């Protein structure tokens, strides 16, 4: 039972986190630039772990009882994502800033951005607190094994994404590749922002 619950949590956690989102896009960019990967990955891993544990502990039920709070988080997250989309679009349209150094310049800025992209993004709460937290209840006494599997999946993914991005650096030696990446990030962030506003 514990092994089955752990594997189930790992599979579901991985399927949810692999989807391209704000966290992944930012960590990918930092990894490609070779800047502050460790602190950014640590923020992503620890944040996901805290949210998953909170969901399994019952926070998902609490969140569902306060829809106004969820709406406020949605709108705040949408505003932040829209700003990030505009900045990415600006980088894509200005070849002069399409270099690895255009990633977050200092560790404090990188960590602050990672925290904002994580904690101001309602999709993170829906995936971790609500969905994973809710489904963990189906495992009864083995729900913490389920949570452990999901946390391991999150950890593996963020480390692979952040440090594996370095393998793509030769491709991104060309400014045009950064333009495509930032253009894609702008579209994804913009779409997420619109989706959040529509769902508020």
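The values are calculated or read from the model by the stated rules, or taken from the named source; none is laboratory data. Just so it is clear, the model here is predicted, and its values are computed rather than measured. Cβ placement follows ideal geometry from the backbone for every residue including glycine, while neighbour counts extend to all protein chains displayed.
Considering every residue within the range 9-21, establish whether at least one is outside any helix (DSSP H, G or I) and more than 26 Å from residue 82 (Cβ to Cβ).
No, the range 9-21 contains no residue that is outside any helix (DSSP H, G or I) and more than 26 Å from residue 82 (Cβ to Cβ).
Name every residue in the range 11-41 that is surrounded by fewer than 21 Cβ atoms within 10 Å (Cβ to Cβ) and at positive phi, in order of residue number.
34
Given the options 180, 194, 151, 160, name the one that is in a helix (DSSP H, G or I), surrounded by fewer than 19 Cβ atoms within 10 Å (Cβ to Cβ) and at pLDDT 85 or above.
160
Yes/no matrix, rows are residues, columns are (1) at pLDDT 85 or above; (2) in a helix (DSSP H, G or I); (3) farther than 20 Å from residue 114 by Cβ:
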{"residue": "27", "(1), (2), (3)": "yes, yes, no"}
{"residue": "40", "(1), (2), (3)": "yes, yes, no"}
{"residue": "45", "(1), (2), (3)": "yes, yes, no"}
{"residue": "48", "(1), (2), (3)": "yes, yes, no"}
{"residue": "56", "(1), (2), (3)": "yes, yes, yes"}
{"residue": "63", "(1), (2), (3)": "no, yes, yes"}
{"residue": "73", "(1), (2), (3)": "no, yes, no"}
{"residue": "76", "(1), (2), (3)": "no, yes, no"}
{"residue": "81", "(1), (2), (3)": "no, yes, no"}
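Could you list, in sequence order, the residues of the range 142-175 that are over 15 Å from the mean Cα position of the chain (by Cα) and without any contact (Cβ under 8 Å) to a residue 12 or more places away in the chain?
Result: 167, 170, 171, 173, 174.
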